[in-house]
Structure formats: structure tokens, C-alpha cells
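> Sharing a structure, written as C-alpha cells. Questions coming.
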Amino acid sequence: MKNLRRLALVGGVAALSAVAFSPKAQAQTAEVDFNGTIPTTCTFTGTTSGSLASSLSKDLVEASNGSVSGFNLGTAGATSLTCNASASVSISAPVKVSAPDNFSDADRQALLYDPAGNSVITSNFIGDSNLWPGYPTTPGTINSSTTYNFKIAMNAGDIGADGNVVPGTYSYKVTVTATPN
């Protein structure tokens with residue numbers, strides 16, 4: 001029985017030693033990296049067409065009512081612009097889509113107006129007459145994460161050529177461009 005006790009004691013000490021001196025499990029880690037490129041985006045929304053009307057002297061067609069003060073022919077178009085970074089915004093001169101054959105559009109210009117900031121940008125004028133003098137033709141800068149509600153005006157014709165606007169259907173396009181800085 002002594003041997004049995006001794007054997008039990010030795011076995012118990014051996015078992016305790018194995019538990020007490022065994023190496024503990026070490027925590028394992030992994031590092032997970034995240035990368036990405038967020039593109040600069042500009043979004044136009046709520047774009048509406050304008051409507052053209054003839055000037056009193058019938059030398060040009062114009063869509064300007066609702067834009068800068070003092071211009072009230074036709075109706076200006078509109079668009080809203082939001083960019084996630086600052087951007088430059090510019091406007092092109094009007095491009096004729098269709099007009100009566102005997103209509104001359106030697107003089108053309110477009111205007112981009114931000115009523116909230118009262119800023120005006122015009123396109124470079126085509127022809128001999130700057131139809132909206134005094135406004136810059138250089139692109140304007142817009143801030144990030146701000147929505148701009150622009151009015152777009154345009155005119156086309158032949159300044160001084162009274163009677164140039166004849167009955168018919170007139171269609172023009174103007175391009176507003178936002179270029180991230």
C-alpha cells in the first residue's frame with residue numbers, strides 16, 4: 001500500500017508539473033490593411049432646358065429671363081452642380097443644332113449665373129460683338145460639397161442685322177463643364 005501511495009503521489013506530482021510547466025498558448029495576430037482611391041466626382045442634377053425668344057429688332061434669339069438682371073428674353077435654362085472636391089466650372093458658346101436656313105448666327109455667347117453667389121461667367125463670344133461685356137470668360141471655382149444652382153442664358157444672331165430672326169424652329173446647345181482641381 002505504501003507503494004501505491006507513493007505511486008499515486010509521484011503520479012500526481014508529475015501531472016501537476018506537466019500542467020504547471022507546460023508552455024501557454026500564445027495569441028496570434030494578423031494585420032489587415034485597407035487601401036483605396038476615392039475619385040473626384042462632379043454631378044449635374046435637375047437640368048432644365050431654356051426657351052428662345054426673338055429680340056425686338058429681330059436680330060438675335062435669346063434665352064435669358066431668370067438669369068442676370070436686365071435680360072428678360074426667353075427663359076434661361078438651369079442645372080445644379082455638386083462636386084466632392086473643388087472644381088473649375090466653365091461654359092461653352094452656343095452651338096446651333098437647327099435654325100432656319102436664312103438665319104445668321106454670326107454672334108453667339110452663353111452665360112452661367114449663380115444667383116446665390118451672384119457670380120457670372122460667360123463663354124468666349126463668337127463674332128464681332130461681346131453680347132455680355134463686363135463678365136469674365138475665365139472659369140470660375142466652386143467649393144467642394146456645396147450645391148450650386150446655376151442659371152444658363154444664351155443668345156445667337158447677327159447684331160445689327162434687323163429682321164434676321166425669321167419664323168421657324170431654333171435649337172441650340174450650351175455645354176457646362178466642371179473640371180476637378
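> Restrict the check to segment 41-50 and report whether at least one residue is in a loop (DSSP other than H, G, I, E, B) and open to solvent by less than 50 Å² (accessible area, probe 1.4 Å). Outline the logic, then answer.
Taking segment 41-50 first, the residues in a loop (DSSP other than H, G, I, E, B) are 41, 49-50.
Subsequent filtering for residues that are open to solvent by less than 50 Å² (accessible area, probe 1.4 Å) retains 50.
Yes, there is a match, as at least one residue in segment 41-50 is in a loop (DSSP other than H, G, I, E, B) and open to solvent by less than 50 Å² (accessible area, probe 1.4 Å).
> Being at pLDDT 90 or above and either touching a helix residue (DSSP H, G or I) at 6+ places or on another chain (Cβ under 9 Å) or open to solvent by less than 100 Å² (accessible area, probe 1.4 Å) (or both) is the filter here, so list the residues in segment 20-40 that pass it.
Result: Ala27, Ala30, Gly36, Pro39, Thr40.
> Which condition does Val68 not pass, out of (1) at pLDDT 95 or above; (2) under 25 Å from the mean Cα position of the chain (by Cα); (3) part of a loop (DSSP other than H, G, I, E, B), if it passes all the others?
Condition (1) is where Val68 drops out.
> Quick check on segment 122-138. Is at least one of its residues surrounded by 13 or more Cβ atoms within 10 Å (Cβ to Cβ), touching a Ser or Thr at 6+ places or on another chain (Cβ under 6 Å) and in a strand (DSSP E or B)? Before you say what the answer is, go through the steps one by one.
The first filter runs over segment 122-138 and keeps only residues surrounded by 13 or more Cβ atoms within 10 Å (Cβ to Cβ), leaving 122-127, 129-132, 135, 137.
After this cut, where a residue has to be touching a Ser or Thr at 6+ places or on another chain (Cβ under 6 Å) as well, the list is 122-124, 132, 135, 137.
From what is left, the residues that are in a strand (DSSP E or B) are 122.
Yes; the residues of segment 122-138 include at least one that is surrounded by 13 or more Cβ atoms within 10 Å (Cβ to Cβ), touching a Ser or Thr at 6+ places or on another chain (Cβ under 6 Å) and in a strand (DSSP E or B).
The values are calculated or read from the model by the stated rules, or taken from the named source; none is laboratory data. Note that the coordinates shown come from a computational prediction; the quantities given were computed from them, not determined experimentally. In this analysis, Cβ positions are derived from the backbone assuming ideal geometry, glycine residues included, and neighbour counts consider all displayed protein chains. Heads up: the accessible areas ignore ligands, DNA and RNA and are worked out on the full protein's heavy atoms, side chains in. Shrake-Rupley method; radii C 1.70, N 1.55, O 1.52, S 1.80 Å.
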